[in-house]
Amino acid sequence: MFFGKKKAELPTAAEALPGRSTEMSLHNFHAVLGGTLKPPFAADCHEMIIGMGCFWGAERKFWQTPGVISTAVGYSAGFTPNPTYREVCTGMTGHNEVVRVIYQPNMLSIEQLLQLFWEAHNPTQGMRQGNDAGTQYRSGIYYTRSEQKVAAELSKQAYQVRLTAAGLGAISTEILAASAFYYAEDEHQQYLAKNPGGYCGLGGTGVSCPIALNLDAKVDLAVGAKLNP
């Protein structure tokens, strides 16, 4: 996970590698949860895309969480279509290493999902996570629903208060609407299940996130206010 140019700045669309029109071939089966990596999923499932450093350890965090139906690692929030892992590691695709999380909201709330996200990594490090340096290791929440966006912004504000009190810096997490998600190569899917002694660079701040304070109700109010100004 340590090779590449480790660029600290995102390329522009004009600078990005050209990529390809062909999708990555994929063994469409989850090695831990069973089921598929690709849709369709059950109608009651929701999707969120998460970036929190090296995607190997991040994916494991989510497949271990009750209410998560499927996970897949891949590349998103960049420019290059259908990039390879090596291309992403050059820093010249603009992509982040991400986990696509498919979950059932009646079993796992946005509140719980975001609490796991914030506490499982350090969201104040900019274009790195621990020893992993480069734009592909940035912290990011890529939402697919309006209530996810509101919840992410509210939880970010709440967590910043705790981090500041603990002497840590500003949160650098980007919160963006989900864009194209490109599946990573087969060997990266559920990597730590296939390689139990493999590298995991995840490490939180040790600061708890206070979003268990009825965040879902706050999200409902905020979304309602936007719909009915």
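The values are calculated or read from the model by the stated rules, or taken from the named source; none is laboratory data. Computed from a prediction, not measured in an experiment: that's the story for all the values here. Note: ideal-geometry Cβ built from the backbone for every residue, glycine included; neighbour counts use all protein chains shown. With ligands, DNA and RNA removed, areas are computed over all heavy atoms of the protein, side chains included. Shrake-Rupley method; radii C 1.70, N 1.55, O 1.52, S 1.80 Å.
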*For the stretch 131-168, name all the residues that are of a type in the set (Ser, Thr, Tyr) and open to solvent by 10 Å² or more (accessible area, probe 1.4 Å).*
143, 144, 146, 164
*Name the pairs: first residue in the stretch 164-179 and without any contact (Cβ under 8 Å) to a residue 40 or more places away in the chain, second residue surrounded by fewer than 17 Cβ atoms within 10 Å (Cβ to Cβ), Cβ to Cβ under 7 Å, at least 6 apart or on different chains?*
175/153
*Answer yes if at least one residue in the stretch 131-147 is within 13 Å of the chain's Cα centre (by Cα), closer than 21 Å to residue 177 by Cβ and basic (Lys, Arg), and no otherwise.*
yes
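Are any residues in the stretch 202-229 modelled with pLDDT of 90 or more and crowded, with 17+ Cβ neighbours inside 10 Å, and if so, which ones? If you could, list the steps in order and put the result at the bottom.
Filtering the stretch 202-229 for residues modelled with pLDDT of 90 or more gives 202-209.
Passing the criteria: 202, 205, 207, 209.
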*If the Cβ limit is 7 Å and pairs must be 6+ apart or interchain, which residue in the stretch 101-127 that is β-branched (Val, Ile, Thr) pairs with which residue that is surrounded by fewer than 23 Cβ atoms within 10 Å (Cβ to Cβ) and in a loop (DSSP other than H, G, I, E, B)?*
102/41; 102/45; 124/168; 124/169; 124/170; 124/171; 124/172
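Pick out the one residue from 93, 124 that is among the β-branched types (Val, Ile, Thr), surrounded by 22 or more Cβ atoms within 10 Å (Cβ to Cβ) and either in a strand (DSSP E or B) or touching a Gly at 6+ places or on another chain (Cβ under 7 Å) (or both). Walk me through how you get there before you give the answer.
Working: 124 fails: surrounded by 22 or more Cβ atoms within 10 Å (Cβ to Cβ).
It is 93.
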*Selection within the stretch 8-44 - closer than 19 Å to residue 184 by Cβ and charged (D, E, K, R)*: 20, 23, 38
_Failed item, numbered, when residue 114 is tested on (1) open to solvent by 10 Å² or more (accessible area, probe 1.4 Å); (2) not in a loop (DSSP other than H, G, I, E, B)_ = (1)
*asked:* One residue is enough: does the stretch 183-192 have a residue meeting the conditions of a type outside the set (Ser, Thr, Tyr), without any contact (Cβ under 8 Å) to a residue 24 or more places away in the chain and closer than 23 Å to residue 127 by Cα?
replied: no
_Answer from 31, 16 - the residue that is surrounded by 14 or more Cβ atoms within 10 Å (Cβ to Cβ), touching a helix residue (DSSP H, G or I) at 6+ places or on another chain (Cβ under 7 Å) and modelled with pLDDT of 95 or more_ = 31
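Among the listed residues 72, 77, identify the single one that is touching a residue at least 60 places away in the same chain (Cβ under 8 Å), farther than 19 Å from residue 190 by Cβ, touching a strand residue (DSSP E or B) at 6+ places or on another chain (Cβ under 6 Å) and surrounded by 23 or more Cβ atoms within 10 Å (Cβ to Cβ).
On the way: 72 fails: farther than 19 Å from residue 190 by Cβ.
After applying the criteria, what remains is 77.
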